[in-house]
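Structure first, then comments.
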Amino acid sequence: MPEDVEVVRARMIAEDNVVKKKAGRGTIRVALLYPSLPTVALDSLSYQMLYYWLNSLDDVYAEQFMLDFDGTPLTRSIETGTPLRDFDYVVISVHYELDFVNILRVLLEAGVEVYSERREKPVVIAGGPPVIANPVPLSPFVDVLAVGEIEPLMPVLVDGMAGYRGDKRAFLENLGAEKGFYVPLLHGGEEVVFNYARELSKEFSPSVQLQLLDPRAKWRRRTAVETSRGCFRMCAFCLEGHIFRGVRERPFEQVRRIVEEGSAGNRTRHVKLVSLSFFDHSEADRILEWLVNEGYSFSIPSLRADTLNERRLEYIRLGGQKTLTVAPETLSPSLAIAIRKHIGYSLIRELSLSARKLGYTGLKVYLMVGIPGEREEDLRLTAEKLRQLASETGFKGERALKVTVSPLVPKPHTPLQYAPFVGIQEARRRIEIIRRELRGLADVREYDPRLAYIQTIIARGDSMLSQVLLYWALEGGGLGGWRKALRVTGVDVQRYLAPSPEEEPPWGFIRLPGVRGTR
């Protein structure tokens, strides 16, 4: 495609609050890449944090890269139309294993050498939960894999960018494994230590945020606020809970300041409260009471049912939410013990009845199949309890009761890291049991078992999988491209679907504040 057409495409992603800076000869040019669609990129608070913190520095200009709405890689920046290959550094924020292939697709489309050892410029840096958990599949392509959080890592990286600009080797040698940096070209078998932030700093938490204006986007203006980070509950399947183990709260006054500044800068009265479990914040009720009294609407994506009560449901309803969301994963008591998440039927029933009384119009339930030890009786028991729930609460019919079923994707650094993947056909069979049992009572949707299968392979992948990722990218991604990449490379993926706990896992050199898993 001609370069001028690419510029038009890049600039057609209409955004508000874009940073425009004059880049002088001494300016460090950083390409900030989120390897997914614009709605996903701008919904990521990590991406927003990186964009505004980098651009707060006088000698740094960070410009955006992502996929277009049709999935095409953008190879010129949204801000100035500068080609990706002309930047000094590429900083990548990735939160989903299937987006690994998009990193390579962007580099290939931009004419950037994909192999780290052959590439002098730009220097490529990547971070995010799946990278922290297992950076090995990306290690031939990425120069620096960040094992830690933005606040302690980015100042070290920027200091190195400024001090060793144009000298890739010196830049890499300045990044120690003990500081949370995995540099495949330099680090052998040494341990890489997770580097965490001791507090949530306002410096890294932008009030004014990028907002999508594009008519192709389903986007609601919002001010996103990370109210807390980390979780103490240790659900057996949850990667984020085992990575971000130390819980850190943002003080109420800082939350209020971000909301007030964001309301003006983002031109919205809607707030998104980001955390792993909002009501674990010691001042959660105070935050909601203030938002309601000040006339803000809000959404809370992560709610644990066992932290809710009628008073809190009333606050959430006053904030504009009409659907109650619960994620028990299973309603089988024995499986709840296996995944270390006990959200029983009686609690869900009580909350649903309260929600109905308060004017909620919908109930959304998240379930999981493929849990180790799961039997058909467990699936039928879960479905039977949901039928009972529909009858007792009135949340029934495809508009009122929505159930999403996902196959378990075993993740590194969790107690289920060695659990076998249930299999595509078997996952479909188990999902169909639930769908059949709830026919006419609920809208049952699924996370595609084929995607869960690929996600499992990448999450537990080793250096052999790197070639699969590259061939997959050359085929343009997609399910057909994945199948072709497996045929071309001949890699046996069974080793990733049912790994042996007797063998050291590829991610064994990453030291997190988590626990070693068992089958």
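The values are calculated or read from the model by the stated rules, or taken from the named source; none is laboratory data. In this text the structure is predicted, and so the values were computed from the model without any measurement. Glycine also receives a Cβ, built like all others from the backbone with ideal geometry; neighbour counts cover every protein chain displayed.
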Lone qualifier among VAL136, VAL114 - being over 19 Å from the mean Cα position of the chain (by Cα) and at pLDDT 95 or above: VAL114
Meets criteria (modelled with pLDDT of 95 or more and over 30 Å from ILE371 (Cα atoms)) for PHE252: yes
Selected residue [among the charged types (D, E, K, R) and touching a strand residue (DSSP E or B) at 6+ places or on another chain (Cβ under 6 Å)] from LYS396, LYS357, LYS402, LYS385: LYS402
Inter-residue pairs, beta-carbon under 7 Å, first in the same structural domain as GLY26 (by TED's automatic domain parsing) and in the range 164-192, second among the aromatic types (Phe, Trp, Tyr) and part of a loop (DSSP other than H, G, I, E, B), 6+ apart: ALA170/TYR164; PHE171/TYR164; ASN174/TYR164; GLY180/PHE194
Residue list for the range 53-72, restricted to those being hydroxyl-bearing (Ser, Thr, Tyr) and buried (at least 19 other Cβ atoms within 10 Å of the Cβ): TYR61
Residues satisfying the stated conditions in the range 112-141, i.e. part of a loop (DSSP other than H, G, I, E, B) and in contact with a Ser or Thr (Cβ under 7 Å, 6 or more places away or on another chain): GLY128, SER139, PRO140, PHE141
Conditions (1) touching a residue at least 60 places away in the same chain (Cβ under 8 Å); (2) surrounded by fewer than 19 Cβ atoms within 10 Å (Cβ to Cβ): number failed by ARG222: (2)
Leading residue by the ranking (surrounded by the most Cβ atoms within 10 Å (Cβ to Cβ)) among those in the range 262-287 that are more than 19 Å from ARG222 (Cβ to Cβ) and of a type in the set (S, T, N, Q): SER277
Residues of the range 468-499 that turn out to be outside any helix (DSSP H, G or I), within 25 Å of the chain's Cα centre (by Cα) and free of Cβ contacts under 8 Å to residues at least 24 places away in the same chain, as a count: 1
Members of the range 179-222 that are more than 23 Å from LEU57 (Cβ to Cβ) and assigned to a strand (DSSP E or B): TYR182, VAL192, VAL193, LEU212
Cβ-Cβ under 6 Å pairs, at least 6 apart or on other chains, the range 97-111 side without any contact (Cβ under 8 Å) to a residue 60 or more places away in the chain and outside any helix (DSSP H, G or I), far side aliphatic (A, V, I, L, M) and buried (at least 22 other Cβ atoms within 10 Å of the Cβ): ALA110/LEU84
GLY71 being among the small types (Gly, Ala, Ser) and either modelled with pLDDT under 95 or more than 26 Å from LYS484 (Cα to Cα) (or both): no
Residue count, the range 16-35 (criterion: buried (at least 19 other Cβ atoms within 10 Å of the Cβ) and within 20 Å of ARG221 (Cβ to Cβ)): 1
Members of the range 363-406 that are of a type in the set (A, V, I, L, M, F, W, C) and in a loop (DSSP other than H, G, I, E, B): ILE371, PHE395, ALA400
Any pair with Cβ under 7 angstrom, 6 or more apart, that starts in the range 120-143 at a residue that is within 19 Å of PHE237 (Cα to Cα) and touching a residue at least 12 places away in the same chain (Cβ under 8 Å) and ends at one that is charged (D, E, K, R) and surrounded by fewer than 24 Cβ atoms within 10 Å (Cβ to Cβ): PRO129/GLU240
Answer residue from the range 396-430, given it is small (Gly, Ala, Ser) and crowded, with 24+ Cβ neighbours inside 10 Å and is nearest to ARG450 (Cα to Cα) among those: ALA427
Selection within the range 220-233 - touching a helix residue (DSSP H, G or I) at 6+ places or on another chain (Cβ under 6 Å) and of a type outside the set (Val, Ile, Thr): ALA224, GLU226, CYS231
ARG430 part of a helix (DSSP H, G or I), assigned by TED's automatic domain parsing to the domain that holds LYS364 and among the basic types (Lys, Arg): yes
Test: residue in the range 244-255 that is buried (at least 20 other Cβ atoms within 10 Å of the Cβ), under 30 Å from LEU335 (Cβ atoms) and not charged (D, E, K, R): yes
Hits in the range 439-449 - residues which are within 12 Å of THR404 (Cα to Cα) and in a loop (DSSP other than H, G, I, E, B): ALA442, TYR447, ASP448
Residue in the range 343-366 that is surrounded by fewer than 22 Cβ atoms within 10 Å (Cβ to Cβ), within 30 Å of GLU504 (Cα to Cα) and out of contact with any helix residue (DSSP H, G or I) (no Cβ under 6 Å at 6 or more places or on another chain) present: no
Residue pairs meeting the criteria (Cβ under 6 Å; at least 6 apart or on separate chains; first in contact (Cβ under 8 Å) with a residue 24 or more places away in the chain, in the range 328-341; second surrounded by fewer than 16 Cβ atoms within 10 Å (Cβ to Cβ)): ALA338/GLY373
Only one of LEU210, LEU239 that is over 21 Å from TYR115 (Cα atoms), touching a Ser or Thr at 6+ places or on another chain (Cβ under 7 Å) and either surrounded by fewer than 18 Cβ atoms within 10 Å (Cβ to Cβ) or not β-branched (Val, Ile, Thr) (or both): LEU239
